[in-house]
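Take a look at the structure set out below.
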Amino acid sequence: MMFELNKINSIANTYIAELRDVDIQRDPARFRRNLERLGEFFAFEISKTLKYVDRETQTPLGFANTKSLLYTPVLGTILRAGLPLHTGMLNVFDLSDSVFVSAYRKVHSSGAFTIQIENISTPDLNDRILIMSDPMLATGLSMVMCCKELLARFKVKELHIVGLIASAEGIRHIQANLPSAKLWVGAIDEEMTSKSYIVPGLGDAGDLAFGKKL
C-alpha cells in the first residue's frame, strides 16, 4: 500500500512546492515550518487508517458518544533532518512515544558509501504500531537498515514509513526489503545523481533546516 500526498489537491502541495523552491529555501525557519506542517498532514492521513473504539464522554451538560484511538502509534525518525517532520506528526499524535535513530552515510575513497547506525533510542515496540519518517527517501538504504534493526529487536504490530520526497529507486528498495510496510510519500522523483541525491528533489534537507554540516 502506498499513499502519495501530491496526487490529492490540497494546500499540502503548496508546502511541498515551497520546500523545493530555491529562493524560499533561504529562510530556514520557513523550511522547518513547512516540514512540520507536512508532518501534520501525514499524521492526519495515517490516522484515518487506524482503529478506534466507541466511548461515552461526559460534558458539562451530559454525555456524548465519541470515538478514541485504540492504539497510540510510536513515532520514529532519523536524525537530524527528520526532526521537523517528526515534530509535526507529534503535534497530531501528541501522546506518542518516540524513537530516534542516529545514522549517516559513510563515504569511502571510491566514492561509494555505506550506512552507519551510531545509536538507537527506543521504547518497547512489541505489539505496537510504528511510524518511521525521514524527509528524503533517496536510495532507501538508511530507512531499510533502521527499520530492520528495530524489527529484529521487537515484534512490531504494524509498520508505516513516511517520506516527503522519494526516488523511484528508493521506493522499489523499500518495497522489496520491507514488503509489509505501508508507504506514505509526498512526491516521487524519477532520477538521482551519481552521489544518490534525488533530482529534482530539494537539496539536503538537514542542511536547509539546521545549517551546513562539516
With all protein chains present and a 1.4 Å probe, how do GLU149, GLU190, GLU18 order by accessible area, largest first?
-> GLU190, GLU149, GLU18
Among the aspartates and glutamates, select those whose C-alpha is under 19 Å from the C-alpha of LYS195, and discard any that sit fewer than 8 residues away in the same chain.
-> ASP134, GLU169, ASP204, ASP207
Can you list the residues, at least 5 places off or on another chain, whose amide H is less than 5 Å from the amide H of ASP189, using H built in the peptide plane?
-> ALA166, SER167, ALA168
Roughly speaking, what is the stretch gain from ASP204 to PHE44, that is 0.36 nm per residue apart minus the C-alpha to C-alpha distance, in nm to one decimal?
-> 55.0 nm
Using a Förster distance of 30 angstrom, determine the FRET efficiency expected from the C-beta separation of LYS213 and ASP21, and round it to 0.05.
-> 0.85
Going down the table (LYS67/LYS182; LYS157/LYS182; LYS7/LYS212), which pairs top 20 Å between alpha carbons?
-> LYS67/LYS182; LYS7/LYS212
Checked the chain against the a/c 1.5 cut and the a/b vs b/c comparison, axes a ≥ b ≥ c from its Cα gyration tensor; verdict prolate
Point-charge dipole on Cβ atoms (K/R +1, D/E -1) for the chain, about Cα centre, debye to 20 = 300
Taking a label point 7 Å from the Cα of MET2 along Cα-to-Cβ, the residues of region 183-202 whose backbone nitrogen sits under 18 Å from it are 183-193, 197-202
Relative contact order for region 83-214 using alpha-carbon pairs under 8 Å, separation at least 6, rounded to a whole percent?
-> 19
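The values are calculated or read from the model by the stated rules, or taken from the named source; none is laboratory data. Source: prediction; values computed, not measured. Cβ: placed from backbone, ideal geometry, glycine included. Neighbour counts: every protein chain shown. When the accessible area is computed, the model is the full protein with side chains, heavy atoms only, and any ligands, DNA or RNA have been set aside. Shrake-Rupley method; radii C 1.70, N 1.55, O 1.52, S 1.80 Å.
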